[in-house]
1. Quick check: is even one residue across segment 126-134 without any contact (Cβ under 8 Å) to a residue 60 or more places away in the chain and crowded, with 18+ Cβ neighbours inside 10 Å?
2. Identify all residues within segment 52-68 that are crowded, with 20+ Cβ neighbours inside 10 Å and either in a strand (DSSP E or B) or without any contact (Cβ under 8 Å) to a residue 40 or more places away in the chain (or both); write none if there are none.
3. Conditions: (1) within 30 Å of residue 216 (Cα to Cα); (2) more than 19 Å from the chain's Cα centre (by Cα); (3) assigned to a loop (DSSP other than H, G, I, E, B). Residue 149 meets all but one. Number of the miss?
4. Would you tally the residues in segment 19-51 being within 20 Å of residue 110 (Cα to Cα), in a helix (DSSP H, G or I) and in contact with a strand residue (DSSP E or B) (Cβ under 8 Å, 6 or more places away or on another chain)?
5. Would you pick out the residues in segment 254-275 that are surrounded by 14 or more Cβ atoms within 10 Å (Cβ to Cβ) and modelled with pLDDT of 95 or more?
6. Within segment 26-50, can you find the residues that are under 21 Å from residue 246 (Cα atoms) and either at pLDDT below 95 or surrounded by 17 or more Cβ atoms within 10 Å (Cβ to Cβ) (or both)?
7. Within segment 159-166, is there a residue that is within 19 Å of the chain's Cα centre (by Cα) and in a loop (DSSP other than H, G, I, E, B)?
8. Go through the residues of segment 75-88 one by one and say whether even a single one is surrounded by fewer than 20 Cβ atoms within 10 Å (Cβ to Cβ) and in a loop (DSSP other than H, G, I, E, B).
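The values are calculated or read from the model by the stated rules, or taken from the named source; none is laboratory data. This structure is a prediction, so every number in the text was calculated from the model and none was measured. A quick note on method: Cβ atoms are made from the backbone with ideal geometry, for glycine too, and the neighbour counts reach across all protein chains shown.
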C-alpha cells in the first residue's frame, strides 16, 4: 500500500505560443503559462501543484522545447498517468500543449540538471517578403541586415563571461554565463535567424544581445561594440532590448541519467569569474 505522502517526480515536455501570456512564471492577476498548466493539473489531481521549469521565459516569448517537473502524489499519477496528456489537451487552451508526461529518472531537476538551453530569434528584414501569418513569431526589422557583420560581432561574445551588461539583475543571482553558440543564418524563407546556446541565460539576456547585434546588422554600431558593452559589465542605455515575439525556446538538453544529480549539484553553485 502506498503512503499518503508518497510522491513521484514527473517530467513534462511542452510548447506554447507566448503572445497572450505575461511570461512563464506565475504572477498574481496575470495570465501565465505556469499558472495555466498548474490550474489544469490541480483539477486533475485535486490538490495544488507547483511546477519547476527549465527556462523562465519572458512575456510574449514562445517555446517549442520547454521542460518542467512536479512532484506528484504517486497514487494520483498511477490513476491518471496513462491518460494525462490527452486529458490536458482537452483542458488547456490552444496556445499551450503538453506533448509528454512521464516519471523522471532519479536526480532529475528540470532547471538545475539542464546542460544547455537553445533559443532561436527570427527577423524579417525585407518588408516585401513578409508573411502576415508569421507576424506573431517573427520580428519585422525596417532595414536590411548584414549577417556577416552580425556573425563577426557574435563570435566576440562566445565563452564564459559576466553578462551583467545584457541582463536584468536579480537579487542574489549571478550573471556569469557560458555562451556556447551564437550564429546567424538565412532560413529557406529568407528570414535572418539567430541560434543561441548557453548553459543558462539570465533575465532578458537573449533579447538584449539581439538588440545589440541588430544595431550592428543595420550599421548603427560597429562590429566591436557588443563586446565593448560586455566588457563594461554595466547596462548600456545604447542597448535596445529586442521585442519578445521573435524569440522561441527550441530545446533544453540534459546529460545521461546517471549524471543528472551531479549536474544539478554543480549548477546550484553560484559562479564567479576568476581574476
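1. Pass one, segment 126-134, residues without any contact (Cβ under 8 Å) to a residue 60 or more places away in the chain: 127-128, 130-134.
Pick out the ones that are also crowded, with 18+ Cβ neighbours inside 10 Å and you get none.
No, every residue in segment 126-134 fails to be without any contact (Cβ under 8 Å) to a residue 60 or more places away in the chain and crowded, with 18+ Cβ neighbours inside 10 Å.
2. Across segment 52-68, the qualifying residues are 53, 62, 63, 66, 67, 68.
3. So the condition that residue 149 fails would be (3).
4. Here the count works out to 5.
5. Step one: of segment 254-275, the residues surrounded by 14 or more Cβ atoms within 10 Å (Cβ to Cβ) are 254-255, 259-261, 263-264, 267, 271.
Once the filter is applied, which keeps residues that are surrounded by 14 or more Cβ atoms within 10 Å (Cβ to Cβ) and modelled with pLDDT of 95 or more, segment 254-275 yields 254, 255, 259, 260, 261, 263, 264.
6. Start the filter on segment 26-50 by keeping residues that are under 21 Å from residue 246 (Cα atoms), which leaves 31-34.
If the condition is that a residue be under 21 Å from residue 246 (Cα atoms) and either at pLDDT below 95 or surrounded by 17 or more Cβ atoms within 10 Å (Cβ to Cβ) (or both), then 32, 33, 34 are the ones that fit.
7. Within segment 159-166, one or more residues are within 19 Å of the chain's Cα centre (by Cα) and in a loop (DSSP other than H, G, I, E, B).
8. No, that holds for no residue.
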